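Report on the following structure.
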Amino acid sequence: MATLLHTLADHSDDVNYCAFSSSCLATCSLDKTIRVYSLSNFTELPYSPLEGHTYAVHCCCFSPSGHVLASCSTDGTTVLWDTRDGRRLAVLEQPGASPVRVCRFSPEATYLLAGAADGSVVLWNVQSLKLYRSGKVKGGSLMACAFSPNGNFFVTGSSSGDLTIWDDKMRCLYNEKAHDLGVTCCDISSHPVPDSENGFKYFQMASCGQDNHTKLWLILFADFLGVQLKYKCTLNGHSAPVLACAFSCDGQMIVSGSVDKCVIIYETSTGNALHTLSQHTRYVTTCAFAPHSALLATGSMDKTVHVWQLDLKQPCAGDIVENESKVAVEDWSEDDVSAWLCAQDLADFVGLFKMNNIDGRELLNLTKESLANELKIESLGRRSKVLQKIEELRMTMISVSVPDEFLCPITRELMNDPVIATDGYSYEREAMENWISTRRSSPMTNLPLHSLMLTPNRTLKMAISRWLETQQK
């Protein structure tokens, strides 16, 4: 199931891109602005919208920590913003001043990639804000890019239809004609696929293009073999150019958006279409899964962004599949923490964590200071990865602990005084009263409310009370 949770309609022109951090959703538009929303209640942050670009903003992305937001524009610049207060941190000018189409942080936030209409590809050093490397694709504009999960390589897609694989030194490793009429988007899953026969791990990549196709690929990156790109299959369903594609956080699903106004969610393993969403009224330009929760955002030339709640069959990264006993994280033993570290590809920390007696409660209380000063983890990148996984774990605890039907759609908090509005949905009374004090539309559908009457939902209130009683036993 995919349920429309919220519609954002604040941009005054086409929505070009949307991106999630663990706590925020950012959107950008032809209207020259970037807007940033809290995932807790989908209200704009106080500093939003971010203004400063002089032409259309084509792409935006968060750094892995979520503390920095990058945006790029037709004005030939990539701008870095502080997500805590909206301050503009830097303006990076593309060599040649060509319109910048895409931007992406490397997994450890060492570099920021910016690709432009003249085919130029630039890696900026995020610490020094200096140009680190530059290159150029052949015969076309750079339209898409994606980093591998380990940061060893990245892929670019061009309007000429080529997918190009580069290493972190900006050396071109492989080139493939992938889409006859041009690549529009690409994404690499954060979950490698093991090859039981050869003992290798393949990276899964999706690409889409003007040829109406979304394609799946397998990338093998090994020092002694070089790079191999293998075509896996084509995902069918769209009847017009496909403008956006993205993997879910666990790699189990792929979403695509098209000129045919539809969004299709596929199962990665089979290629089968799970859902087709057709609520947008114009071209769908962007799709993004949230990293730590079952949320999907889709943006369109109809000036809106839809936020969807997905009923995931599989857990996202950060869930503990092996922990069948459903023990609360704060009650984990040191062995449970060790099992979690292994599941997150952090097995080399098991000895260190055991030596410091890190159980579930200690794990949740770890900070960047304690990782550096108490556990003596010297590598900033390794500390960042551990903190990211802990944050995923915290978000998972929040998302699965309370039944979704008990959460107010506006605040995403447990309801105390639920009421039914005339759109048929239930909300926390105070939140809904505040909502209708400034507008007469439904928070869930964005359609006009025929009446502002709110009716107490006593059945739901009793169900919440019974659930709370079971949690206290």
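The values are calculated or read from the model by the stated rules, or taken from the named source; none is laboratory data. Bear in mind that the values here come from a model prediction, so they are computed numbers and not experimental data. Don't worry about glycine lacking a Cβ; one is built from the backbone with ideal geometry, like all the others, and counts go over all protein chains shown. Each accessible area value is taken on the protein alone, full model and side chains, heavy atoms only, with ligands, DNA and RNA left out. Shrake-Rupley method; radii C 1.70, N 1.55, O 1.52, S 1.80 Å.
Being of a type in the set (D, E), within 31 Å of the chain's Cα centre (by Cα) and modelled with pLDDT under 85 holds for only one residue in D423, D404, and it is D404.
As a summary of the residue check, G251 satisfies the conditions (1) in a strand (DSSP E or B); (2) touching a residue at least 40 places away in the same chain (Cβ under 8 Å) except for the one numbered (1).
When the range 265-297 is filtered for residues that are touching a residue at least 40 places away in the same chain (Cβ under 8 Å), aliphatic (A, V, I, L, M) and either under 21 Å from G209 (Cβ atoms) or not assigned by the TED database to the domain that holds S23 (or both), the ones remaining, listed by number, are I265, L277, V284, A288. Of all the criteria given as (1) farther than 22 Å from E330 by Cβ; (2) open to solvent by 30 Å² or more (accessible area, probe 1.4 Å), the one not satisfied by T367 is (1). In the range 91-125, which residue that is open to solvent by 40 Å² or more (accessible area, probe 1.4 Å) and in a loop (DSSP other than H, G, I, E, B) is nearest to I165 (Cα to Cα)? Checking each candidate, the answer is P107.
Looking at the range 1-73, the strands (runs of 3 or more DSSP E) lying wholly inside it that each contain 2 or more residues that are surrounded by fewer than 21 Cβ atoms within 10 Å (Cβ to Cβ) and at pLDDT below 95 sit at 2-8.
For S134, are the conditions met, namely being of a type in the set (S, T, N, Q), in a strand (DSSP E or B) and open to solvent by 20 Å² or more (accessible area, probe 1.4 Å)? Quick ask: steps written out before the conclusion?
Details: of a type in the set (S, T, N, Q): yes; in a strand (DSSP E or B): yes; open to solvent by 20 Å² or more (accessible area, probe 1.4 Å): yes.
Judged against the criteria, S134 is a match.
D180 - would you say it is of a type outside the set (A, V, I, L, M), touching a residue at least 12 places away in the same chain (Cβ under 8 Å) and buried (at least 18 other Cβ atoms within 10 Å of the Cβ)?
Numbers: of a type outside the set (A, V, I, L, M): yes; touching a residue at least 12 places away in the same chain (Cβ under 8 Å): yes; buried (at least 18 other Cβ atoms within 10 Å of the Cβ): no.
Against the criterion (of a type outside the set (A, V, I, L, M), touching a residue at least 12 places away in the same chain (Cβ under 8 Å) and buried (at least 18 other Cβ atoms within 10 Å of the Cβ)), D180 does not qualify.
Of the residues in the range 237-245, at least one is farther than 23 Å from L310 by Cα, hydrophobic (A, V, I, L, M, F, W, C) and not in a strand (DSSP E or B).
Quick one: would you say T78 is under 21 Å from L295 (Cα atoms) and surrounded by 21 or more Cβ atoms within 10 Å (Cβ to Cβ)?
Numbers: under 21 Å from L295 (Cα atoms): no; surrounded by 21 or more Cβ atoms within 10 Å (Cβ to Cβ): yes.
No, not satisfied.
Taken over the range 1-26, the criterion of being among the aliphatic types (A, V, I, L, M) and touching a residue at least 60 places away in the same chain (Cβ under 8 Å) is satisfied by M1, A2, L4, L5, L8, A9, V15, A19, L25.
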